[in-house]
Amino acid sequence: MKKRRDCFSPHGEIRKLKLSLKKMKLTLIFSMLTLLTFGNGFSQVKVTLHFEKASIQNVLETIENQTGYVFLYKDEIFNPDQKYSVDFTDEPFNEVIKSVCEKAGVEYEVRSNRQIILTEKGQESLLNINFQQKTVTGMVTDQSGLPLPGVTVVVPGTTTGTVTNADGNFSLAVPDGTEILQFSFVGMQTQEVSIAGRTTFTVVLEEETIGIEEVVAIGYGTVKRTDLTGSVGQVSSDNLKDLNISNTTQALAGQISGVSVQQGSGSPGKGAIIRVRGAASITANSDPLYVIDGFPITGDLSVLNPNDIASIEVLKDASASAIYGSRASNGVILITTKSGKKGEAKIQFDSYVGFQTVAKTLDLMNAQEFIELNREAFNTKYIESVPGAKITDPVVNRPSGYRYKYPDFYDDPAAVAAVGNGTDWQDEIFRSAPIQNYQLNVSGGSESTNYFFSAGYFNQEGIIINSNFERFSLRAKIDTKITDRLTAGINLAPNYSINNDIAEGHPSNGVIIQALAIAPWIPVRYDNGVYGTATDYGKAGGDGITGIVNAVATATHTKNQSNRLQMFSNAYAELSLLSDKSLKLRTSIGATITNYRRNYFRAAGLMPIAGNPGLGLPQHRRAESDAQETFNYLNENTLSYSKTLNEKHNFDAVAGFTVQKQTWMQTYANGSDFPDDIIEVISNATIRQGSSNINEWAMMSYLGRLNYNYNNKYYVTASFRSDGSSKFGKNNRFGNFPSMSLMWRAIEEDFIKNGNLFSDLRLRASYGVTGNDNLSNNYAAIGTIATSNYAFGAGSGVIVNGANMNSISNHNLTWEKASQLDLGLEFGFFDNKLTFLTDFYSRKTTDLLLNVPVPTITGFSNAYQNIGRVDNWGLEFNIRANAINTNDFSWLISANLSMNRNEVKALGPSGDPIYYTGQTRGEGHVLKIGFPMGTFYGYDHIGVYMNQEMFDENPKEATSHVGDAMYRDVNGDKVITAADRTEIGKAEPDFYYGINNSFSYKNFDLGILIQGSYGGEILHIGKRYYENLEGNQNQLRTVLNRWRSEEDPGDGWIPRVRSTPTGQTSQISTRWVEDGSYLRVNNITLGYSFSNTTLSKLNIENMRVNISAQNPITITNYSGFNPEVNTSENTVLAGSDHGVYPLSKSFTLGLNITF
């Protein structure tokens, strides 16, 4: 912004000075030193100036920047058309100013407060102007009531001013008629206060919004939000402080448009699944790239302490993310950790403790209802399969092994009555679990060095027995100014975590489905302490029921512990190559070292295996040991330049070269047949086997970006990155990723500004190309070798160990490429108290990496090729309103809504669909041209054959009966076969949203964060067990509405029960596809901040207590535990629920103290 140099009106009155923030915010210490050293310091200050035909304003501004002095003058004393050439190198300031003023034909007078007044030659000294004055006094404090020393207090438009003393007090003689005083201080909002009719008052300054709120990280730099040409979402530490989360990824839920956050599993420490503007990769990973303090990382974020985070930026469009090139097609998430700030040392302690419970339990049948269903299912099959069979036939007389014989105690009314409602297995595995977090920070800084140290401890016991997550974290971050031109810093963050996990998924090991499907009349333990099992109830007279494992035994006697130690380190040095600091060279080197160890042991001495009693057999015991080490290093070198010409042309540019390499090593072993449960190490196993692996990748990159704006009105940004990766074929090892964006700040146009309708109006457009190299196979382009055996000699020969080709090379294999167009509109009203932002984007991802069939003549069946295309397009809407803002009460609301449309456009050489139908793996999906990824595949369930007439009139499967499921005849051939399976739903929602409310009343504050989605569907594949209608596993109570007879046909949706289903009743169909729409109150926090009057006596700067609830309310029609559920992170298999760890709701009490 151009400074005004008009100091005086034609009447000689002092007019308004618009001094820059840098020069207005003088501290008390600085002012005192100035007064003490002024006489001698003026001549000792050195100045370097090199100008050729420059305006006097540019010359004076450069002197100000180098010396800290401020020039006061009227613009008309200079000839606007005259240009000046000056050449000084490290010359005394007094000599420079004397020479410059002589050339300009003006005189100067130096004041003791670092002000230099310029006047025309012969004009009366401005220091001799006298005014009638009055004295005003007062005190300046921060929001907590602490006094602020060094606050600049001035009469706007004059040189009259002072600074507050060590106690925050000031006294100032001002001209009569003065109505306004201006108060400014580093880190605080400049404030103008009316003094009409007052001579004593107190001023409270609020923290400056510039910085984390106004400056946005964009990768290899920052930019003011007003100058942002790309689409970037931001979450600050204020938005994170009350979220009681175990993983950083959970922090983004409901916060940023275009960012889908699914907390698919509630397992302690487990991260959320994040998709930025939809998923676009089939074989490669669809996760965004995470960059922590400039370091692109791979792996788990659970070791990162959320309390250390200062801000999170999400680069959504290609213009913003293309600077990261081949890894940016799924978006980039920049995480900036906290740093120290200039000022006295601050000690901050932050903690919360509380408890968690399962957010929801499923409505299952009790023991009496299950016994009735079990008997009905076995009787149905018996009667249909055995000629002349009757329901009254004794179980003992029925043929064995055909699921005709239910447990014979069912026929004993007294035994059945004794069971009562049976065991509530959900109640047995779920628990009220404690959660606690403690954080200690020490931060501060001086003129030359800033520091931040933190130590954190987090412990989350799982809501399922024997599960938990524990994390220890440290961080040391120091930035120091070594010389006026050289700055350096170091960032060290060791973290250690321990995770005891519970198996999910198939009930062979999956605790959740075990608890839901096991018969409710089975006790957890018998009186002798032995675990109950279904097999014990088979007895001689019955076939028993399916041997679902005892869930409590599995959770208690299966050890699955992983330990992770990670060391993050990064150091940098930055050198200003020019005296005006416009050209900077920065180099950094960093590394992450991660050691991971997982130990698994399944005991057998007490735990029933496959439904059998725990007999302690050696073959039932199994152990695994997995040790991994990852070393990832990065060296980055950048050159940045910024310049302003003629106060209208603003440039900044960055160019760089980076090298990154990762090495991963693994040693794995497993064993079985342990003699006992005591010694769990694999060396104690009878049968042992193991393997070791090593895997590497490396990348070398060149990057550049140029930002230009004219008069803060017209903006253009261009970026380019060229990546060379070891992962791809030698013919396509380098990929180039350009982008460009434009912005028009229309609010700067007079015809819009003068309309007084908008307070902000910006239009953006961008286009760029990014890539995806995130293959699980780092050697997909290279023909690899594997061990093999050969036979040599006559006859059967001699077996000789050797090697052969294991995969075929593809020298042309390269990145997936995403080209994205983004159009954005931002506008604000009422001084930006009400703002809107909307974006339209269209992204086309081509050259998809697919493992496709190849001609058998090659000697191989499959190879990776760049074949396929997926499109995403969508709309994003954001609104923010400062609805109420009074002295006592404020209400700030922000909301976002996003919609994304995904479509597969091309697949493989022939374009044939790819089917994923492994029910036991939680699959029932198809990848097909014209449909979105995450499309479900199965039968279209349209009801039940309610009677014989309906059965006769409709197509049916060969084994169907009245009462079975009725499916749509998709191909119209009048029979139901596997060919009638079709697309039956999609995981992608129509839209998702977030709403954040912040209220404050005096010392109280209330935050409410809401998130939700609408229109997405869930394939509840867990119903394969607990709504399969086979009768031998417990069922949801929905089966009480089943078809029983033509006279009792149920609700027309739930088929009959039969111990071995007919008519494909238990196959995947729309009966298992449910509406996944939901509205969730993600967080509610009520806080209270103690007043300074109370705290000052205890030498405490701030203290706040709060109560918080995480996930307290979820509104949904989904019958499962969690409508955000996602069994697999594979985008093709999205939306399935196959025994996933339920989500918890937590309630905590928190305390924050700053000393």
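Below are the figures for this structure:
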read-out	value
Odd one out for GLU647 among (1) in contact with a Gly (Cβ under 9 Å, 6 or more places away or on another chain); (2) part of a loop (DSSP other than H, G, I, E, B)	(1)
Failed item in (1) of a type in the set (A, V, I, L, M); (2) out of contact with any Asp or Glu (no Cβ under 7 Å at 6 or more places or on another chain); (3) buried (at least 16 other Cβ atoms within 10 Å of the Cβ), with MET899 passing the rest	(2)
When residues of the range 358-393 are limited to those that are more than 21 Å from PHE430 (Cα to Cα) and of a type in the set (Lys, Arg), the one surrounded by the fewest Cβ atoms within 10 Å (Cβ to Cβ)	LYS390
Checklist (1) touching a Ser or Thr at 6+ places or on another chain (Cβ under 9 Å); (2) within 25 Å of GLY505 (Cβ to Cβ); (3) surrounded by 22 or more Cβ atoms within 10 Å (Cβ to Cβ) applied to ASP308, failing item	(2)
Residue ID - surrounded by the fewest Cβ atoms within 10 Å (Cβ to Cβ), chosen from residues in the range 836-875 that are in a loop (DSSP other than H, G, I, E, B) and among the small types (Gly, Ala, Ser)	GLY859
Residue ID - farthest from ASN1102 (Cα to Cα), chosen from residues in the range 138-154 that are among the hydrophobic types (A, V, I, L, M, F, W, C) and in contact (Cβ under 8 Å) with a residue 60 or more places away in the chain	VAL154
Where a residue in the range 755-780 is under 17 Å from PRO738 (Cα atoms) and its partner, wherever it lies, is buried (at least 18 other Cβ atoms within 10 Å of the Cβ) and of a type in the set (Asp, Glu), with Cβ under 6 Å and at least six apart	SER766/ASP317; SER766/ASP822; ASN772/GLU816
Residues of the range 479-516 that turn out to be in a strand (DSSP E or B) and under 26 Å from the mean Cα position of the chain (by Cα), as a count	11
Hits in the range 783-815 - residues which are in a loop (DSSP other than H, G, I, E, B) and surrounded by 11 or more Cβ atoms within 10 Å (Cβ to Cβ)	GLY783, THR784, ASN806, SER807, ILE808, SER809, ASN810, HIS811, ASN812, LEU813, THR814, TRP815
Selected residue [over 30 Å from PRO147 (Cα atoms), touching a residue at least 12 places away in the same chain (Cβ under 8 Å) and under 45 Å from the mean Cα position of the chain (by Cα)] from GLN348, GLN368, GLN356	GLN356
Among (1) β-branched (Val, Ile, Thr); (2) more than 50 Å from the chain's Cα centre (by Cα); (3) part of a strand (DSSP E or B); (4) modelled with pLDDT of 80 or more, the one test that THR48 misses	(2)
Cβ-Cβ under 8 Å pairs, at least 6 apart or on other chains, the range 431-446 side under 26 Å from VAL552 (Cβ atoms), far side assigned to a loop (DSSP other than H, G, I, E, B)	ARG431/ILE463; ARG431/ILE465; SER432/ILE463; ALA433/GLY462; ALA433/ILE463; ILE435/ASN244
Filter pass, THR558 being among the hydroxyl-bearing types (Ser, Thr, Tyr) and out of contact with any strand residue (DSSP E or B) (no Cβ under 9 Å at 6 or more places or on another chain)	no
Among residues of the range 249-283, those that are crowded, with 22+ Cβ neighbours inside 10 Å, farther than 20 Å from ASN1122 by Cα and not basic (Lys, Arg), counted	9
Complete set of residues in the range 911-965 that are part of a strand (DSSP E or B) and among the β-branched types (Val, Ile, Thr)	ILE914, VAL926, THR935, ILE942, VAL944
Failed item, numbered, when ALA418 is tested on (1) farther than 22 Å from ASN1041 by Cβ; (2) more than 52 Å from the chain's Cα centre (by Cα)	(2)
Selection from the range 263-291 of residues that are polar (S, T, N, Q) and out of contact with any Gly (no Cβ under 8 Å at 6 or more places or on another chain)	GLN263, SER265, SER281, THR283, ASN285, SER286
From ALA818, ALA765, ALA780, residue being outside any strand (DSSP E or B) and in contact with a strand residue (DSSP E or B) (Cβ under 6 Å, 6 or more places away or on another chain)	ALA780
Strands (runs of 3 or more DSSP E) wholly inside the range 261-361 that include at least 3 residues being over 24 Å from PHE840 (Cβ atoms)	289-292, 295-297, 309-315, 332-337, 343-358
Within the range 1088-1111, considering residues that are of a type in the set (Gly, Ala, Ser) and at pLDDT 95 or above, the one nearest to HIS925 (Cα to Cα)	ALA1109
Residue that is among the aromatic types (Phe, Trp, Tyr) and within 30 Å of ASN712 (Cα to Cα), where the choices are TYR633, TYR596, TYR641	TYR641
Enumeration of residues in the range 902-912 that are over 31 Å from the mean Cα position of the chain (by Cα) and surrounded by fewer than 16 Cβ atoms within 10 Å (Cβ to Cβ)	PRO909, SER910, GLY911, ASP912
Complete set of residues in the range 876-896 that are surrounded by 15 or more Cβ atoms within 10 Å (Cβ to Cβ) and touching a residue at least 60 places away in the same chain (Cβ under 8 Å)	GLU876, PHE877, ASN878, SER890, TRP891, LEU892, ILE893, SER894, ALA895, ASN896
Where ILE323 falls short, out of the listed (1) over 26 Å from TYR992 (Cβ atoms); (2) surrounded by fewer than 23 Cβ atoms within 10 Å (Cβ to Cβ); (3) hydrophobic (A, V, I, L, M, F, W, C)	(2)
Qualifying residues in the range 566-623 (those that are of a type in the set (A, V, I, L, M), surrounded by 15 or more Cβ atoms within 10 Å (Cβ to Cβ) and not in a strand (DSSP E or B)) - the one modelled with the lowest pLDDT	MET607
Unique match (being modelled with pLDDT of 80 or more, surrounded by fewer than 16 Cβ atoms within 10 Å (Cβ to Cβ) and of a type outside the set (S, T, N, Q)) among GLU179, GLU214	GLU179
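Yes/no matrix, rows are residues, columns are (1) of a type in the set (Phe, Trp, Tyr); (2) out of contact with any His (no Cβ under 9 Å at 6 or more places or on another chain); (3) closer than 30 Å to ILE282 by Cβ:
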residue	(1), (2), (3)
ILE879	no, yes, no
ASN885	no, yes, no
ASN900	no, yes, yes
SER910	no, yes, yes
TYR916	yes, no, yes
GLY934	no, no, yes
GLU988	no, yes, yes
TYR993	yes, yes, yes
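Results for (1) of a type in the set (Asp, Glu); (2) under 22 Å from the mean Cα position of the chain (by Cα), shown as yes or no for each residue.
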site: ASP308; (1), (2): yes, yes
site: GLY340; (1), (2): no, no
site: ASP363; (1), (2): yes, no
site: LYS381; (1), (2): no, no
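The values are calculated or read from the model by the stated rules, or taken from the named source; none is laboratory data. All of these numbers come straight from a predicted model, not from anything done at the bench. As a convention, Cβ positions derive from the backbone with ideal geometry for all residues, glycine included, and neighbour counts pool all protein chains shown.
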